[in-house]
Amino acid sequence: MLLVTGATGTVGREVLRRLPEFTAGVPVRVMAREPGRVTGAPVAAEIVRGDFTDPRSLAGVLRGVHRALLLSLPSAGGDACFLRAARMAGVRHVVKLSAAAVVDVGAVDLVTRWQRRSEELLCGSGMAWTLLRPRAFMSNTLSWAGSVRRCGVVRALFGTSLNACVDPRDVAEAAVRALTGEGHEGRAYTLTGPGVLSAVDQTQQLAELLGRVLRFEELGVEQARAALAARYSAEVVQALLESAWRGREGSKCGVDGTVPALLGRPAGDFRGWAADHLGAFGAR
């Protein structure tokens with residue numbers, strides 16, 4: 001049996017859409033804290049409630065599971081609980097969504113430290129493992145959608161910083177292939193898009209696709225901190241700002257060829273992702 005966690009998240013939703021192509025005849029279980037929010041799961045999938053911090057719920061979720069996809073919030077505490085339960089349940093292989101920053105020696109922010117610790121726990125668990133290390137998701141630009149619709153403005157910190165951002169649909173396909181295929185045990189995959197873009201570049205491409213003028217406004221550090229504080233805890237906000245500073249220094253520019261090698265096709269670019277999500281930005 002295969003288990004998919006984090007099924008209501010950005011990557012999890014896309015994983016569920018792709019599973020039927022790769023799992024004919026293989027039972028699938030889907031874990032979510034709120035099962036009613038799960039959409040797009042395979043028709044025969046079993047959808048169950050589970051919580052990364054609740055060992056009792058995990059014991060039931062993991063019963064009979066042989067391979068699991070671990071899509072969790074970046075906290076080593078939750079991952080540690082899940083991995084202990086998975087090992088006790090006899091899970092043989094765990095595919096974990098991590099982050100590209102873990103291999104950057106200059107990345108010492110809290111979120112990256114959490115991811116490193118979670119990777120260490122998995123690699124030392126005795127279970128087979130595969131690590132997926134994506135760069136920033138193209139879908140992060142959806143945070144601009146409200147201001148684009150209202151006033152044609154994109155506001156972001158360090159607008160000329162370059163990032164080899166990745167289409168989350170490519171990350172999902174890589175996850176499904178690692179979860180269902182052979183030969184991925186003990187492998188760590190860095191997942192990027194086909195090139196590097198800045199927020200200014202992305203704004204220009206969105207404007208072209210929407211057929212309207214968009215204006216980019218640079219946020220100051222404290223403005224960015226205030227905007228992030230509406231969504232995240234203070235410690236996570238600080239980690240995100242530290243990550244942004246590293247990006248300004250060029251730490252996120254590396255383009256990796258793993259996505260096309262793993263998927264057998266070119267990595268998706270930002271223009272293609274944006275074209276498929278224009279409705280969010282106000283296109284009719």
inquiry  = Just to be sure I understand, how many residues within segment 104-129 are loosely packed, with under 15 Cβ neighbours inside 10 Å and farther than 19 Å from A86 by Cα?
reply    = 3
query = Within segment 82-103, how many residues are in a helix (DSSP H, G or I) and buried (at least 18 other Cβ atoms within 10 Å of the Cβ)?
reply = 8
task = Spot the failing condition for D51; the list is (1) out of contact with any Lys or Arg (no Cβ under 9 Å at 6 or more places or on another chain); (2) at pLDDT below 95; (3) crowded, with 16+ Cβ neighbours inside 10 Å; (4) not aromatic (F, W, Y), and only one is missed.
result = (1)
query = In segment 131-155, which residues are in contact (Cβ under 8 Å) with a residue 40 or more places away in the chain, of a type outside the set (F, W, Y) and over 24 Å from D256 (Cβ atoms)?
reply = A145, V148, R149, G152, V153, V154, R155
key: Extreme residue, surrounded by the most Cβ atoms within 10 Å (Cβ to Cβ), among residues of segment 234-265 that are part of a loop (DSSP other than H, G, I, E, B) and within 19 Å of the chain's Cα centre (by Cα)   = K252
Residues of segment 152-162 classified as buried (at least 22 other Cβ atoms within 10 Å of the Cβ) and either touching a Lys or Arg at 6+ places or on another chain (Cβ under 8 Å) or among the aromatic types (F, W, Y) (or both), total = 2
Residue ranges of strands (runs of 3 or more DSSP E) in segment 123-226 with at least 2 members charged (D, E, K, R), touching a Cys at 6+ places or on another chain (Cβ under 6 Å) and on the phi > 0 side of the Ramachandran plot = none
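For every residue, the table says whether it meets (1) under 24 Å from E185 (Cβ atoms); (2) within 20 Å of the chain's Cα centre (by Cα); (3) among the basic types (K, R).
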{"site": "G40", "(1), (2), (3)": "no, yes, no"}
{"site": "F52", "(1), (2), (3)": "yes, yes, no"}
{"site": "G64", "(1), (2), (3)": "yes, no, no"}
{"site": "A101", "(1), (2), (3)": "yes, yes, no"}
key: Count - residues of segment 22-46 that are part of a helix (DSSP H, G or I) and in contact (Cβ under 8 Å) with a residue 24 or more places away in the chain   = 2
inquiry  = A207 - would you say it is of a type outside the set (K, R), within 20 Å of the chain's Cα centre (by Cα), at pLDDT 95 or above and surrounded by 15 or more Cβ atoms within 10 Å (Cβ to Cβ)?
reply    = no
task = Taking the options A89, A85, name whichever one is in contact with a Pro (Cβ under 7 Å, 6 or more places away or on another chain), modelled with pLDDT of 95 or more and farther than 23 Å from G247 by Cβ.
result = A85
Residue list for segment 180-196, restricted to those being surrounded by fewer than 24 Cβ atoms within 10 Å (Cβ to Cβ) and touching a strand residue (DSSP E or B) at 6+ places or on another chain (Cβ under 8 Å) = T180, H184, E185, G186, R187, A188, Y189, T190, V196
task = Report yes if E34 is within 16 Å of E173 (Cα to Cα) and out of contact with any strand residue (DSSP E or B) (no Cβ under 7 Å at 6 or more places or on another chain), otherwise no.
result = no
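The values are calculated or read from the model by the stated rules, or taken from the named source; none is laboratory data. Since we're looking at a predicted model, the values are computed, not measured. When we count neighbours, we look across all protein chains shown, and the Cβ atoms used for this are built from the backbone with ideal geometry, even at glycine.
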